[in-house]
């Protein structure tokens, strides 16, 4: 299974449509996970033409940007969990959220507490957005992937950014990030 990862698309601020390179990069994936800050839910309609989409709302989806109310699109939630078959018959849980504040600040903010708050308990993988910076890291055995932003990478001016993938085979996860060109 190949999951396409995208976040912080910022439409229409970033333009009237996503870059053609975004569609090309996500063509053929089995599922797309959008980690929030769409700004306009039409992005979900566009991505659903490529594959099923799982999405969460970001902080920019709730205020500002010519918006006075939170989005009412039922496809958006604060966080989501995808459960797949993992290694040795154990579930593979992938959490999706816009902002997952790390590093930890014990005792108030811990990885375990954040996972309980957002995902109802431990997950194996966290897909997050918000920072616009692509990152693959592991914290306390939990894989954390931020695909960055395809439109405003590293909060720079509008330019080609990044998307990511989770390739899952035999319950094992291989993350990757690609620079759009």
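In terms of packing, defined here as the mean over residues of other Cβ atoms within 10 angstrom, the peptides 1-8, 39-46, 51-58 line up highest first as 1-8, 51-58, 39-46.
Sorted ascending by nearby beta carbons within 10 Å, beginning with the fewest, 10, 34 become 10, 34. Maximal additional length on extending the residue 176-residue 13 stretch stands at 56.0 nm, based on 0.36 nm per residue less the C-alpha distance. For the chain, the relative contact order comes to 23 percent (Cα pairs under 8 Å, sequence separation of at least 6). If a paramagnetic tag sat 7 Å from the Cα of residue 51 along the Cα-Cβ line, which residues of the stretch 87-118 would have the backbone N under 17 Å from that point? Backbone N within reach: 93-97. Of all DSSP-defined beta bridges confined to the chain, some 65% are antiparallel rather than parallel. With R₀ fixed at 22 Å, the C-beta to C-beta distance from residue 105 to residue 137 puts the FRET efficiency at about 0.85.
Which option, (1) 20.9, 70; (2) 15.5, 49; (3) 14.9, 42, is the value of Rg and Dmax of the Cα atoms in Å that was calculated from these coordinates? The value matching this structure is (2). Taking the helices alone, the chain has a mean residue ellipticity at 222 nm of -3500 deg cm²/dmol, built from -39,500 (n - 2.57) per DSSP H run of at least 4 residues and averaged over all its residues.
Between residue 160 and residue 30, the modelled labels are 2.9 nm apart [label points 7 Å from Cα along Cα→Cβ].
Any read-out appearing in this document is the output of simple, stated calculations on the displayed coordinates, not a laboratory observation. Owing to the predicted nature of the structure, the values given are computational and were not obtained by experimental measurement. Every residue, glycine as well, gets a Cβ built from its backbone with ideal geometry; the counts of neighbours run over all protein chains shown.
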